Structures are given as C-alpha cells and as structure tokens.
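Below is one structure; the comments refer to it alone.
The values are calculated or read from the model by the stated rules, or taken from the named source; none is laboratory data. Since the structure is predicted, the reported quantities are computational estimates derived from the model, not experimental observations. Here the Cβ is made from the backbone with ideal geometry for all residues, glycine too, and neighbour counts use every protein chain on show. Protein only, heavy atoms only, side chains kept; ligands, DNA and RNA dropped before computing areas. Shrake-Rupley method; radii C 1.70, N 1.55, O 1.52, S 1.80 Å.
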Amino acid sequence: MFGNNNNAYNNYQPQQQFNGYQPQAQAPRMNAAQMLDQIDSQGAKSMKFDQPGESVTGTVEKISAAQVNVYDSVNQRPTNQPDFWQDGSPKLQLIVIIRTNLNDPSVEDDDGRRSIYIKGWGRPRKAWLDAIRKAGLRKASEIKPGDRFTARYVGYDPQSKNPNNPAKLYEYEIEHVSGVDMAMGQPAQQPAY
C-alpha cells in the first residue's frame, strides 16, 4: 500500500502550472504591532574595532542571545548557515545593544545604537563573566537597560589557532545602576567618547 507508486496520493502535485503561471505560496500578512516588533528586533549597526586600544561606551538598551553562523574563512565573513558544536548543540553568542553618540555619515538615519557580539565560549565568555563579577553582579540577567557598558579591543590572542587571522581579544566593563538610582531618576551617566 505505502510502497505502491501508482497510489493517487504519491502522484499528487499540490502546485500546478496554468498557462506558464506558477502559483506562489502567500506569506501571512502581519499586523502593525508585529511589523514594529520585527523592525525593532532587527538590532543595531554592528560595532567594528580596527586597532587595539579602540573602545566604545554606551547605555545598555538590550541584551539577547543568538546562534552563531558558520564562518567562511575563504571569503572572511559569516554565512547564513547556523553553526553547531560536534555534539549537535548550537554555538551561541551574546548581543549587547548600546546607545551611543556615534554617527556614521555613510549610514542613513544612524541612530547611534551599536551591537557588540560576544562569543559564548573561550576567552570572550571569560571576559564577559569577569565584567559581570567586577560589576558586583552574579549573573547576566542582573544587567538592566540603563546600565553603562564598555567594550575595549585589547589585542590579538597569542594562542589563536589561526596565526594568519588571530582572534581579537576584548575587555568589557559594566557599570550597574541600582534600582534606587533608577527610582530617583538618575540613570547611568551619558556615554563619554
């Protein structure tokens, strides 16, 4: 019954062509609130660090986690394919969105928001956990919007597996604003650049 190729169900073609027209599946429409959520969730311009010593400071707007994409070492950029560890678990990274006073004139409507990507393993993870501990916090969920965040590019990893393209090393700093400060209307100081 199931192996018979003459079965009408096995020969069913859900999309048929009529006079050269191939019907396309319609994407479900979204309402205005969903559209705004989607636009808001698209993040901010990625912060690029070119030289050791460069840093950026801003006010935390949002912290989230996302899966890392496979890196194409030939073209020196990530692909659209999600990356996994050998055990099948996803490789994750942290995305810290901060509000800064930066403005890139080549980007239309640059609002100063910048995304900092932090790998969830190795030295980047250790630097992130050190920043949490130095801020007097126990876990990342204690970091709140309004806290001040600094990312500093400090150099290259001398133990990098690829000496021709060594991994960059970063330090992070978190200045936590207490609930009392927030209640008194005193958020973290404005970013200094």
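Heavy-atom accessible area with a 1.4 Å probe sorts I116, I63, largest first, into I63, I116.
Taking D111, D104 and ordering them by how much accessible surface each has at a 1.4 Å probe, largest first, produces D111, D104. Shown here are the Rg and Dmax of the Cα trace of the range 37-158, at 15.3, 44 Å. Accessible surface for S89 stands near 40 Å², nearest 10, in the context of the full protein assembly shown (1.4 Å probe). Taking each residue as 0.36 nm, the span from Y156 to V74 lengthens on full extension beyond its C-alpha to C-alpha distance by 27.5 nm. Modelled label positions at N165 and D50, each set 7 Å beyond Cα in the direction of Cβ, lie 1.9 nm from each other.
Accessible surface calculations at 1.4 Å, restricted to protein heavy atoms, place the range 84-152 at 60 Å² per residue.
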